[in-house]
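Novice: Okay, handing you the structure first.
The values are calculated or read from the model by the stated rules, or taken from the named source; none is laboratory data. Fair warning: this is a prediction, and the values are worked out from it, not measured in the lab. Cβ: placed from backbone, ideal geometry, glycine included. Neighbour counts: every protein chain shown. In case anyone asks, the SASA skips ligands and DNA or RNA and just uses the protein heavy atoms, side chains included. Shrake-Rupley method; radii C 1.70, N 1.55, O 1.52, S 1.80 Å.
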Amino acid sequence: MEKDTGDIRDIIPGLKEQLLASCLSPHQPVLWDLLQREKSVWALQILVQAYLHMPPENLQQLVLSAEREAAQGFLTLMHRSWAQLQVPPSEEQALGRLTALLLQRYPRLTSQLFIDLSPLIPFLAVSDLMRFPPSLLANDSVARGDNSLEQGQGLRPITLPSLAAIRDYSPGMRPEQKEALAKRLLAPELFGEVPAWSQELLWAVLPLLPHLPLENFLQLSPHQIQALEDSWPAAGLGPGHARHVLRSLVNQSVQDGEEQVRRLGPLACFLSPEELQSLVPLSDPMGPVERGLLECAANGTLSPQGRVAYELLGVLRSSGGAVLSPLELRVWAPLFPQLGLRFLQELSEPQLRAMLPALQGTSVTPAQVDCLLPLLPLKLLQLDSAALLANRRRYRDLPWSEQQVILPTYPRTTLSSIYPHIYRALGTLAGGMSCEFLQQINLMADFLEVVHMIYQLPTGVRGSLRACIWAELQRKMTMPEPELATLGSELSGLDTKLLLDSPIYLMDRLSNESIMLMVELVRRAPEQLLALTPLHRVALAERALQNLAPKETTVSREVLETLGPLVGFLGIESTRRIPLPILLAHLNQLQGFCLGEPFATELGWLLSQEPILGKPELWSEGEVEQAGRLVLTLSTEAISLIPRVSLGPRDLERLLEKQQSWEQSRVGQLCGTPQLAPKKAALVAGVVRPTAEDLSEPVPNCADVRGTFPAAWSATQIAEMELSDFEDCLALFAGDPGLGPEELRAAMGKAKQLWGPPRGFRPEQILQLSRLLIGLGERELQELILVDWGVLSTLGQIDGWSSIQLRVVVSSFLRQSGRHVSHLDFLHLTALGYTLCGLRPEELQHISSWEFSQAALFLGNLHLQCSEEQLEVLAQLLVLPGGFGPVSNWGPEIFTEIGTIAAGIPDLALSALLQEQIQGLTPLAISVIPAPKFAVVFSPTQLSSLTSVQAMAVTPEQMAFLSPEQRRAVVWAQHEGKESPEQQGRSTAWGLQDWSQPSWAMALTICFLGNLI
């Protein structure tokens, strides 16, 4: 052996992937022997990196064919040397694949194997964790080695080695992994019921306790909680879990309140204002308790708009900002947006300079000016194609918009001569390739290389190009090419983003392996799921469930865990297959998922069933905490039945904060929020309405408004507020889009009491009032000084003006600035925004077409409240000299650029649009085309060419005006060519050719797609 292999230091650095795979085959276990003979960490580091860089199929063959003893030795060495090994983030996914393969190699895990695998647990999929036998966690037959994380720290001994291993490596685990392991602890045969868990066991599983389902965490007794008193502050508890702990740790009847708050640490973030007042009244702007709460606001645990934050602001106002040094004042940065103008005016210049870094973004240096190019309108983006390609290194990483990236790549003949591997060097510019370019690629290997590159771009794939890719793939798969026999190796290099983007009509035909690849992708990156249309999400969710749990079978806990965010898009029948106890245990995870309307409606009904939370009229504070923001899935009537005592100010504030936090999160923004105003009104009714019919409505203070939301209060209640309270909450009133006309007038009335008549409003005051300005009358609007750019742009971005107010604002600006409509440049037009619709059609005709074509990029993103005649005039400006020329010559990038202004294009011009042009229309533009016009201009063939995203934007009003054939075309486009249930059996002449015709090609495609990694 020594003669053949020599020293490992000479062999490993020169090994290539093929040689590595060969050496590790069952017949030549050279490196396995070397590994056992030489234990140096550096050698293991090189070996691990070599494995991670191997092709997936080679790695799978290697691991599954390795000798069991050799593999066991490899794992043991990995466990022993893990602290010295270095795995970059880019290789973590590959390490997860390696770990999953090792689990396949040992389908029956022993405790020793589990411990050796424990460093790799953070890289496992949740579905793999759920397959761990619960008995492993309770096995104490393996001798426990030294625990470097606990030695010398005086911590309690851990007697269960498997739990100790989990504890050691829990810092690297994701929350969903900890949730999966925490649920394994609940198997009754392991440790019994939660109230019976010993202090030693609680200590051993402490990192997992914050991830127990809330219903189980609430079973912890005060004695159990108090035994871990010193450990809870650093445990990372969520609001519901923290409140349960606080109920057992806080004693408001003793005198050491400040010491109690100090010991609570981060848990103090979850105390209510009333609890803080009884424990340690806030008084010192730089006191330890106050600074701790400011840290809570900085890390997002404490809402800057909440009642505790309001108490903190009161401390700062009462002491006066002048007492703080500039550096001390910066500690209050998280609450700066809540400070009123009056407070800021009291600060000195050095203090204001110290605050500026927290109030404004970083400045732009000359070297960063290239980064501003993606913000330019097409008219100002004068980039020659040849120069662009010559300087592609400068532009390849910029986040170009969809329409910009199409324009610079013209003429197409320039790019048609570029080979795919050179095309990759274009970076984000490559996203602008045309369908024509794709169609010119003859070899399947080149085509797949280009497609793979497109799906790797951070800017995403525009809808028309996506449709082209799949149509072209379909065309190529029906061609009798000799290279089809080797297509598998080409497709295996594509990532699952392409697979996830497969049209709905392919969903039922994909292999189970392909479906599971998509399930794993959306588990890791939920935003990928939300980039799909609602119909696409539902199709994937139902197909995944069909794969995991055939019809007529119940949905197990493991299946729910595997589905991840797809659960929120199951249909009603599928949802009813979930046993209620399992659904109850899953509520905590559902809090963070986007929920489709059918699932949310059904969930709301199920929550009120006895096995889950029971009748809402019997809910206690515990049920409200368990439901969390899912309370809003109940019907309005059911919410109104929840007892007032269970929805006190503290609980109500927490619940509304959870919902607001969700809505502002990345996933929440992509998900979109249904109309919840009536449900929220029912939720706060116990606070904002009188407790008896013969009592008057309560008058809110600022704390009450912060604990609810401004729109919860009536115009009468707002008008009766103390002026100081209204001033403290002015920013909240100005930022609430739910205020109706009467409430806006009442709030504006309070602002006038505060600052005097509108003619004296300073620019900064107008900026702060924002949407409340809608509450001004016609004469008062005329008195506002509008020549300030900030004021004009603020008014221009406000949606909700009446037609009379629009006219007053734009007329006042023209009068005060002394400008004629013909002299408005694109900056003025952009700043006017919504108020541009205050100009009459005959006035709009005088706008410069050159200037308007530049402003179209910004104005086209607004749902302008213009009449149909006004929109037609605006659209006409774009075809005049200085604009974009005749509509028939426009490429898709121009339609995308002008957005909603396309709704004003004349009927004849719209009816003549080609497919490529139609697919350039933005979804918002489609939705604002008047319904009668929409029905007249678009034929069934044109409607069927809409992308699925565009088709989903068609409104119910528009659908009502369509003929039956037009409606079928829209539905066909929404389903991406798959007939809806009501269409089946009908002919769709505009459809793509039937994929099922060349059955051998379809089977081949699905087979290869199933091998995607």
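Novice: Among the residues in segment 890-909, are any within 21 Å of residue 536 (Cβ to Cβ) and either touching a residue at least 40 places away in the same chain (Cβ under 8 Å) or out of contact with any helix residue (DSSP H, G or I) (no Cβ under 8 Å at 6 or more places or on another chain) (or both)? Let's see the steps before the verdict.
Specialist: Just the residues of segment 890-909 that are within 21 Å of residue 536 (Cβ to Cβ), to begin with: none.
No, segment 890-909 contains no residue that is within 21 Å of residue 536 (Cβ to Cβ) and either touching a residue at least 40 places away in the same chain (Cβ under 8 Å) or out of contact with any helix residue (DSSP H, G or I) (no Cβ under 8 Å at 6 or more places or on another chain) (or both).
Novice: Continuing with the same structure: Suppose the filter is within 17 Å of residue 52 (Cβ to Cβ) and either open to solvent by 50 Å² or more (accessible area, probe 1.4 Å) or β-branched (Val, Ile, Thr) (or both); does residue 110 pass it?
Specialist: On the way: within 17 Å of residue 52 (Cβ to Cβ): no; either open to solvent by 50 Å² or more (accessible area, probe 1.4 Å) or β-branched (Val, Ile, Thr) (or both): yes.
No.
Novice: Tell me the helices (runs of 4 or more DSSP H) entirely within segment 699-801 that contain at least 2 residues that are closer than 26 Å to residue 812 by Cα and modelled with pLDDT under 90. Walk me through it before giving the result.
Specialist: Values: elements: 702-707, 715-719, 723-728, 730-734, 741-755, 763-769, 778-783, 789-796.
Answer list for segment 699-801: 763-769, 789-796.
Novice: Hey, can you tell me all the residues within segment 607-641 that are of a type in the set (S, T, N, Q), assigned to a loop (DSSP other than H, G, I, E, B) and either in contact with a Phe, Trp or Tyr (Cβ under 7 Å, 6 or more places away or on another chain) or over 21 Å from residue 579 (Cα atoms) (or both)? Step through it out loud before you land on a result.
Specialist: Step one: filter segment 607-641 for residues of a type in the set (S, T, N, Q), giving 608-609, 620, 626, 633, 635-636, 640.
Right, trim to assigned to a loop (DSSP other than H, G, I, E, B) and you get 608-609, 620, 635, 640.
Hits for segment 607-641 are 620, 635, 640.
Novice: Can you find even one residue in segment 183-199 that is in contact with a Leu (Cβ under 9 Å, 6 or more places away or on another chain), modelled with pLDDT of 90 or more, part of a helix (DSSP H, G or I) and not β-branched (Val, Ile, Thr)?
Specialist: Yes, because at least one residue in segment 183-199 is in contact with a Leu (Cβ under 9 Å, 6 or more places away or on another chain), modelled with pLDDT of 90 or more, part of a helix (DSSP H, G or I) and not β-branched (Val, Ile, Thr).
Novice: With the requirement that a residue be out of contact with any Phe, Trp or Tyr (no Cβ under 7 Å at 6 or more places or on another chain), surrounded by 17 or more Cβ atoms within 10 Å (Cβ to Cβ) and either part of a loop (DSSP other than H, G, I, E, B) or among the hydroxyl-bearing types (Ser, Thr, Tyr) (or both), what does segment 884-896 give you?
Specialist: Passing the criteria: 891, 896.
Novice: Quick test of your reading of the structure: residue 167 fulfils all but one of (1) buried (at least 17 other Cβ atoms within 10 Å of the Cβ); (2) outside any helix (DSSP H, G or I). Name the failing condition by number.
Specialist: Residue 167 satisfies all of (1) buried (at least 17 other Cβ atoms within 10 Å of the Cβ); (2) outside any helix (DSSP H, G or I) except (2).
Novice: Please state which one of 274, 189 is of a type in the set (Asp, Glu) and more than 24 Å from residue 315 (Cα to Cα).
Specialist: On the way: 274 fails: more than 24 Å from residue 315 (Cα to Cα).
Just one listed residue meets the conditions, 189.
Novice: Can I ask one more? Looking only at segment 667-684, decide whether some residue is touching a helix residue (DSSP H, G or I) at 6+ places or on another chain (Cβ under 9 Å), basic (Lys, Arg), in a helix (DSSP H, G or I) and open to solvent by 30 Å² or more (accessible area, probe 1.4 Å).
Specialist: For segment 667-684, residues touching a helix residue (DSSP H, G or I) at 6+ places or on another chain (Cβ under 9 Å), basic (Lys, Arg), in a helix (DSSP H, G or I) and open to solvent by 30 Å² or more (accessible area, probe 1.4 Å): present.
Novice: Yes or no: segment 326-347 includes at least one residue that is in a loop (DSSP other than H, G, I, E, B) and modelled with pLDDT of 80 or more. It would help to see each step written out before you state the result.
Specialist: So in segment 326-347, the residues in a loop (DSSP other than H, G, I, E, B) come out as 331-332, 339-340, 346-347.
Still in the running and modelled with pLDDT of 80 or more: 331-332.
Checked segment 326-347: at least one residue is in a loop (DSSP other than H, G, I, E, B) and modelled with pLDDT of 80 or more.
Novice: Among the residues that make up segment 535-551, is at least one of them at pLDDT below 90 and either at positive phi or open to solvent by 20 Å² or more (accessible area, probe 1.4 Å) (or both)?
Specialist: Going residue by residue through segment 535-551, those that are at pLDDT below 90 are 550-551.
Checking the rest, the ones that are also either at positive phi or open to solvent by 20 Å² or more (accessible area, probe 1.4 Å) (or both) come to 550-551.
For segment 535-551, residues at pLDDT below 90 and either at positive phi or open to solvent by 20 Å² or more (accessible area, probe 1.4 Å) (or both): present.
Novice: Which residues, taken from segment 736-787, are more than 29 Å from residue 818 (Cβ to Cβ) and more than 40 Å from the chain's Cα centre (by Cα)?
Specialist: Scanning segment 736-787 gives a single hit, 753.
Novice: Restricting the search to segment 514-540, which residues are farther than 25 Å from residue 471 by Cβ and more than 18 Å from the chain's Cα centre (by Cα)? If you could, list the steps in order and put the result at the bottom.
Specialist: If we filter segment 514-540 for residues that are farther than 25 Å from residue 471 by Cβ, which is where we start, we get 516, 519-520, 523-527.
Across segment 514-540, the qualifying residue is only 516.
Novice: I would also like to ask the following. Quickly run through segment 714-733 and pick out the residues that are open to solvent by 10 Å² or more (accessible area, probe 1.4 Å), out of contact with any Phe, Trp or Tyr (no Cβ under 9 Å at 6 or more places or on another chain) and touching a residue at least 24 places away in the same chain (Cβ under 8 Å). First the steps, then the outcome.
Specialist: At the first step, the residues of segment 714-733 found to be open to solvent by 10 Å² or more (accessible area, probe 1.4 Å) are 714-716, 719-720, 722-725, 727-728, 731-732.
Those still in the list that are out of contact with any Phe, Trp or Tyr (no Cβ under 9 Å at 6 or more places or on another chain) too: 714-716, 719-720, 722-725, 727, 731.
Answer for segment 714-733, where residues must be open to solvent by 10 Å² or more (accessible area, probe 1.4 Å), out of contact with any Phe, Trp or Tyr (no Cβ under 9 Å at 6 or more places or on another chain) and touching a residue at least 24 places away in the same chain (Cβ under 8 Å): 714, 715, 716, 719, 723, 725, 727, 731.
Novice: Hey, another quick one. Kindly check whether there is at least one residue in segment 228-247 that is aromatic (Phe, Trp, Tyr), open to solvent by 10 Å² or more (accessible area, probe 1.4 Å) and over 26 Å from residue 128 (Cβ atoms). It would help to see each step written out before you state the result.
Specialist: Initially, segment 228-247 is screened for residues aromatic (Phe, Trp, Tyr), giving 232.
Those left that are additionally open to solvent by 10 Å² or more (accessible area, probe 1.4 Å): none.
Looking through segment 228-247, none of the residues is aromatic (Phe, Trp, Tyr), open to solvent by 10 Å² or more (accessible area, probe 1.4 Å) and over 26 Å from residue 128 (Cβ atoms).
Novice: Determine which member of the set 104, 60, 86 is open to solvent by 10 Å² or more (accessible area, probe 1.4 Å), closer than 30 Å to residue 589 by Cα and out of contact with any Pro (no Cβ under 8 Å at 6 or more places or on another chain).
Specialist: Details: 60 fails: closer than 30 Å to residue 589 by Cα; 86 fails: closer than 30 Å to residue 589 by Cα.
The match here is 104.
Novice: Ok, one more. Of the numbered conditions (1) part of a helix (DSSP H, G or I); (2) modelled with pLDDT under 55; (3) closer than 22 Å to residue 165 by Cβ, residue 39 fails exactly one; give the number of that condition.
Specialist: (1)
Novice: Then there's this: Out of 283, 248, which single residue is over 24 Å from residue 327 (Cβ atoms) and hydroxyl-bearing (Ser, Thr, Tyr)?
Specialist: Working: 283 fails: over 24 Å from residue 327 (Cβ atoms).
After applying the criteria, what remains is 248.
Novice: Let me ask something additional. Does residue 558 satisfy being touching a residue at least 60 places away in the same chain (Cβ under 8 Å) and under 26 Å from residue 175 (Cα atoms)?
Specialist: Details: touching a residue at least 60 places away in the same chain (Cβ under 8 Å): yes; under 26 Å from residue 175 (Cα atoms): yes.
Yes.
Novice: In segment 629-658, what residues are polar (S, T, N, Q) and surrounded by fewer than 21 Cβ atoms within 10 Å (Cβ to Cβ)?
Specialist: The first filter runs over segment 629-658 and keeps only residues polar (S, T, N, Q), leaving 633, 635-636, 640, 646.
The answer is 635, 636, 640, 646.
Novice: Report yes if some residue within segment 849-868 is open to solvent by 20 Å² or more (accessible area, probe 1.4 Å), polar (S, T, N, Q) and in a helix (DSSP H, G or I); otherwise report no.
Specialist: There is no residue in segment 849-868 that is open to solvent by 20 Å² or more (accessible area, probe 1.4 Å), polar (S, T, N, Q) and in a helix (DSSP H, G or I).
Novice: Considering (1) free of Cβ contacts under 8 Å to residues at least 24 places away in the same chain; (2) buried (at least 17 other Cβ atoms within 10 Å of the Cβ); (3) under 19 Å from residue 718 (Cβ atoms), say which one residue 777 fails and leave the rest.
Specialist: Looking at each condition in turn, residue 777 falls short on (2).
Novice: While we're here: Tell me which residues, restricted to segment 236-260, are over 28 Å from residue 178 (Cβ atoms) and in a helix (DSSP H, G or I).
Specialist: Of all residues in segment 236-260, those over 28 Å from residue 178 (Cβ atoms) come to 251-260.
Across segment 236-260, the qualifying residues are 257, 258, 259, 260.
Novice: Here is a follow-up. Filter segment 516-534 down to the residues that are surrounded by fewer than 22 Cβ atoms within 10 Å (Cβ to Cβ) and under 20 Å from residue 96 (Cβ atoms) and list them by number.
Specialist: Once the filter is applied, which keeps residues that are surrounded by fewer than 22 Cβ atoms within 10 Å (Cβ to Cβ) and under 20 Å from residue 96 (Cβ atoms), segment 516-534 yields 516, 517, 520, 521, 523, 524, 525, 526, 527, 528.
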